[in-house]
1. Consider region 212-226. How many of its residues are in contact with a helix residue (DSSP H, G or I) (Cβ under 7 Å, 6 or more places away or on another chain) and either modelled with pLDDT of 90 or more or not aromatic (Phe, Trp, Tyr) (or both)?
2. Counting only residues that are open to solvent by less than 40 Å² (accessible area, probe 1.4 Å) and not β-branched (Val, Ile, Thr), how many does region 170-193 have?
3. May I ask you to list the residues in region 54-83 that are touching a Ser or Thr at 6+ places or on another chain (Cβ under 9 Å), closer than 13 Å to Gly126 by Cα and modelled with pLDDT under 80?
4. State which residue pairs qualify: first residue farther than 16 Å from Tyr81 by Cβ and inside region 35-48, second residue open to solvent by 30 Å² or more (accessible area, probe 1.4 Å) and part of a helix (DSSP H, G or I) in any location, beta carbons under 8 Å apart, and separation of 6 or more residues or different chains.
5. Of the numbered conditions (1) assigned to a helix (DSSP H, G or I); (2) in contact (Cβ under 8 Å) with a residue 60 or more places away in the chain, Val377 fails exactly one; give the number of that condition.
6. Take the residues of region 194-230 that are outside any loop (DSSP other than H, G, I, E, B), of a type in the set (D, E, K, R) and open to solvent by 60 Å² or more (accessible area, probe 1.4 Å): which is farthest from Arg176 (Cα to Cα)?
7. Which ones in region 146-161 are more than 41 Å from the chain's Cα centre (by Cα) and either outside any helix (DSSP H, G or I) or exposed (fewer than 14 other Cβ atoms within 10 Å of the Cβ) (or both)?
Amino acid sequence: MRPRSLRAIMTTYVSLFLIALIVVRVASYSTIHNALGREIDRRLAGSVAEIVGAGNGRDLSATIERIGVEQQDHDSADLFYMLVDKRGRHLAGKLALPSLPPIGYSDFGEDAQVEGVTHGRALTRGLANGAVLVVASDNDVVNAFDGLLMRVQLFTLGTTALIVIGGAAGIMLVIRSRMRSMQRTVDAVIAGDLQSRIPLDGSRSEFDQQAAAFNRMLDRIDELMASIKHVAKDVTHELRSPLARLRVSVAALLRQSEESPLGPPIADILEQTDQILDIFSSILRLWEVEGGDRRERFATLEMGALAKEVADGLQAVAEDAGYPMEIIVKDAATIHGDINLLRQMLVNLIENAIHHTPPGTHIAVTVGKRDRVVAIVVRDNGPGIPAEQRNAVIRRFSRLESSRARAGQGLGLTLVDAIARLHNGALSLEDANPGLSAVVEIPLDS
């Protein structure tokens, strides 16, 4: 599977780099180590060839003489010689091993009892007359160099690994910081703050250019949204005035026609005019909330006390209509928000439960903390809403088939959702089994 997250990508890169680095270091060490071994073997073979000569050691006196010459040349060096006859008697050389090494190359240690040598390598060769020649090399210096080489390799490997890991971590932190900055801006825009922009550092780096391009896109979106809003608001305001005048005229006509057969139709016209005016008021209210301007009015408030105040005010009305209601404040929860909008949100949630359930439905308003948020839950034991339709009823002007005969604009839950998002929260509709739970979660004031 291909890595997808930034951490997975950087971890994969660092892991592959370190594996490659270890392979290179091991190969480098093995090459040098083997080269040293081959050089020692080459040197031993050359020394044996010089001593044995062309006659393969048939002339023992000449062989003994050459051992003396070689030994004198290497008296203070790292080569040792031993010549024994076929009966095992020592004939020449300062090397005195307790037992003969096997024919060919072999390694020995301190158990060989070679004075001043802890590790060595020997080349043993049988001569034509039955004698045996042993040439041994002191490998202590070579082994010390080999150990030093190993330590250097490990040190450079560790240092390089730390540099790579540190560099990758630094790159990841820089990228993550820029991505978080962009994410904060995106979250702010989603919440309705269309003026939020990604900060630039003036470096004109790739990150800065990307942020500048993103900001230009947001500027363009803001311009288009502002243009649409202005047009819509202008249309709405222009329509509200003639509609208001129409309502005044219809109301006056109704007063004049109370005893006339035209009275009921005129009353119906007046009612429909009021519904149209309510729709325009709700739309203007929704635009005001979604625009994010109301954040300037935010203040610290206690959500439990506000919920109790609103629920207490509606409890008598609900119970008179046949809807028993209880208010449960589990925790004191301080948040940062607009008290008027939050009051409107609570009213909409409770009225939604009353208007869309049959009389006798029990309604419970609960306020309590969940982790780092306060949860406002309005629960009823009515018919509920099918799971596949819960998201749809939050959309503007969306209403269930069973609710179309009732008065309303289909904007109640839409406004609740907009107010929740303005406060960096969320609205969700859940199954109360039976009934429906409308849950609004808003972050606590930190």
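The values are calculated or read from the model by the stated rules, or taken from the named source; none is laboratory data. For clarity, every value in this text was computed on a predicted model and none was experimentally measured. Note that each Cβ is placed from the backbone with ideal geometry, even for glycine, and that neighbours are counted across all protein chains shown. In case anyone asks, the SASA skips ligands and DNA or RNA and just uses the protein heavy atoms, side chains included. Shrake-Rupley method; radii C 1.70, N 1.55, O 1.52, S 1.80 Å.
1. Of all residues in region 212-226, those in contact with a helix residue (DSSP H, G or I) (Cβ under 7 Å, 6 or more places away or on another chain) come to 214, 218.
Okay, now just the ones that are also either modelled with pLDDT of 90 or more or not aromatic (Phe, Trp, Tyr) (or both), so 218.
Adding up the residues that qualify gives 1.
2. The number of residues fulfilling the criteria is 6.
3. Gly55, Gly57
4. Between residues of region 35-48 that are farther than 16 Å from Tyr81 by Cβ and residues that are open to solvent by 30 Å² or more (accessible area, probe 1.4 Å) and part of a helix (DSSP H, G or I), the close pairs are Leu36/Val142; Leu36/Phe145.
5. It is condition (1) that Val377 fails.
6. First pass over region 194-230, keeping only residues outside any loop (DSSP other than H, G, I, E, B): 206-230.
Restricting the remaining residues to those that are of a type in the set (D, E, K, R) gives 206, 208, 216, 219-220, 222-223, 229.
Next, from what is left, pick out any that are open to solvent by 60 Å² or more (accessible area, probe 1.4 Å): 206, 216, 219-220, 223.
Numbers: Glu206: 14, Arg216: 22, Asp219: 24, Arg220: 26, Glu223: 29 Å.
Residue satisfying both the conditions and the ranking: Glu223.
7. Within region 146-161, Gly147, Leu148 meet the criteria.
Listed here are the residues, each with its yes/no results for (1) small (Gly, Ala, Ser); (2) at pLDDT 80 or above; (3) part of a strand (DSSP E or B); (4) more than 25 Å from Arg372 (Cα to Cα).
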residue	(1), (2), (3), (4)
Leu239	no, no, no, yes
Leu277	no, no, no, yes
Ser281	yes, no, no, yes
Trp287	no, no, no, yes
Gln315	no, yes, no, yes
